[in-house]
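Novice: One structure coming up, written as structure tokens, with questions to follow.
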Amino acid sequence: MDCRGLYWLFLGYLPGNLGCFKDTGHPPTLPGAHEISNKLTIQTCINFCRSQKYTLAGMESGYACFCGNEADLQDHVESSNMECNHVCFGDHTQPCGGDGWIIVFDIRIGACGGNYTYPTGVIYSPDFPDKYAASRVCYWTIQVPGSSAILFNFTFFDISDQTDMVELLDGYTREVVARFDWRSPPRELVNITGDFVILYFFSDRTNQAHGFALLYQALRRQDTRTTVLRGSDEDESEDASSTLGPHLSNSVTERSNSTTNERTSHILYVITSSPSKPEHNMPVWTIYALAALLILTVVAMVAKLLLHVTVNQSTVSSEPWIILYRPSTISLFKKKLKNHHGDLSPLVGH
């Protein structure tokens, strides 16, 4: 990006530039600490106000720096940024207000590290919009409870040294999800699943550049019901598109649609595989009737078996029955033999 493009970036196309305000001087728009310098830049003013524990930094006429807080901007007239197009004395590519007009920035711009919990936000490289200093090691945490993913968009990226880098890490596992440097700059949106991401920046001792500006958008956690899922994804796509700008709408919509299809399949699987009660339960009287029928069947089978055995025994043993209960023919035969012969036959015993 050339100097003119960077200049228009500072003028208001990036969050962090809060606007251009009329400064009557009675009282000043930002009534806190102030200083003047013929080497003034946006970052030198921000660093000064940050050291003085203020939340806003304002530049006027190219050389004056004023500090204040959000409440100080109330009831002040905001104007077009063209009123604040005087260049900074310390860097002619940066805007530093105008005569009677002050351009105001959030002091979080250019901080080395920070913690972010809002659903949307912007993060700048250390010392931005000045070139980042040598030997910088910075961490930012982005943790938005309840979000299912966080979408990252690098709106500005300028790293010229081969060892300087920017990384996005999973906040829980510390695993590197994406890494960017001068050879592989970010060319598309980065979507990281989860609600906790760490942004890491490293610079060596040589070849400093302007760094990066990064917009992030937390995506809401989806409802598990498929009827709500479609509406949630559509709303989510609209929210992300309106926050990140019209030029991101197509990318966000495509990613959201693909995510919807994947999640819908997964949710339908969960619903169909989960245990549930049958819609029509069998009546209790039916169970009792079946049990009684089974018992009667068993009793009938047992009775039939017993009857069959009894009939067979009666048929086979009719003669033995007579022998047992009539006078024994063998006894009579023995008695007759004894009377006629007077002694016992060797074949007959007592």
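The values are calculated or read from the model by the stated rules, or taken from the named source; none is laboratory data. These numbers were taken from a predicted model, which means no experiment stands behind them. Methodologically, a virtual Cβ is constructed for each residue, glycine included, from the backbone with ideal geometry; neighbour enumeration extends over all protein chains shown. Remember, those area values only see protein heavy atoms, side chains included, never the ligands or the DNA or RNA. Shrake-Rupley method; radii C 1.70, N 1.55, O 1.52, S 1.80 Å.
Novice: So I142 passes all but one of these: (1) in a loop (DSSP other than H, G, I, E, B); (2) within 19 Å of the chain's Cα centre (by Cα); (3) of a type in the set (V, I, T). Which condition number does it fail?
Specialist: Here I142 clears every test but (1).
Novice: Now for a separate question. Which members of segment 62-88 meet the condition of being among the small types (G, A, S) and crowded, with 19+ Cβ neighbours inside 10 Å? Steps first, answer last, please.
Specialist: Taking segment 62-88 as the starting set, the residues that turn out to be among the small types (G, A, S) are 62, 64, 68, 71, 79-80.
Answer for segment 62-88, where residues must be among the small types (G, A, S) and crowded, with 19+ Cβ neighbours inside 10 Å: G62, A64, G68.
Novice: Another question about this same structure. Can you confirm whether Q162 is in contact (Cβ under 8 Å) with a residue 24 or more places away in the chain and either under 30 Å from H26 (Cβ atoms) or more than 29 Å from the chain's Cα centre (by Cα) (or both)? Give the derivation first.
Specialist: On the way: in contact (Cβ under 8 Å) with a residue 24 or more places away in the chain: no; either under 30 Å from H26 (Cβ atoms) or more than 29 Å from the chain's Cα centre (by Cα) (or both): yes.
Spelling it out, it is not the case that Q162 is in contact (Cβ under 8 Å) with a residue 24 or more places away in the chain and either under 30 Å from H26 (Cβ atoms) or more than 29 Å from the chain's Cα centre (by Cα) (or both).
Novice: Can we say Q43 is within 27 Å of G121 (Cβ to Cβ) and open to solvent by 70 Å² or more (accessible area, probe 1.4 Å)?
Specialist: Details: within 27 Å of G121 (Cβ to Cβ): yes; open to solvent by 70 Å² or more (accessible area, probe 1.4 Å): no.
Judged against the criteria, Q43 is not a match.
Novice: Then there is this: Among what's in segment 294-309 and is open to solvent by less than 100 Å² (accessible area, probe 1.4 Å) and aliphatic (A, V, I, L, M), pick the residue that is modelled with the lowest pLDDT. Spell out the reasoning first.
Specialist: First pass over segment 294-309, keeping only residues open to solvent by less than 100 Å² (accessible area, probe 1.4 Å): 297-300, 302-303, 309.
In the following step, the residues that additionally are aliphatic (A, V, I, L, M) were identified as 298-300, 302-303, 309.
Numbers: V298: 85, V299: 85, A300: 82, V302: 85, A303: 82, V309: 70.
If we take residues in segment 294-309 being open to solvent by less than 100 Å² (accessible area, probe 1.4 Å) and aliphatic (A, V, I, L, M), then V309 is modelled with the lowest pLDDT.
Novice: Let me ask you something else. Would you point out the residue of segment 89-138, among those that are closer than 17 Å to L30 by Cβ and of a type in the set (G, A, S), that is surrounded by the fewest Cβ atoms within 10 Å (Cβ to Cβ)? Break it down stepwise before answering.
Specialist: Taking segment 89-138 first, the residues closer than 17 Å to L30 by Cβ are 95-109.
Among the residues that remain, those that are also of a type in the set (G, A, S) are: 97-98, 100.
Values: G97: 29, G98: 22, G100: 12.
Result: G100.
Novice: Could you list, in sequence order, the residues of segment 157-194 that are within 19 Å of G110 (Cα to Cα) and either exposed (fewer than 13 other Cβ atoms within 10 Å of the Cβ) or touching a helix residue (DSSP H, G or I) at 6+ places or on another chain (Cβ under 9 Å) (or both)?
Specialist: Result: D158, single match.
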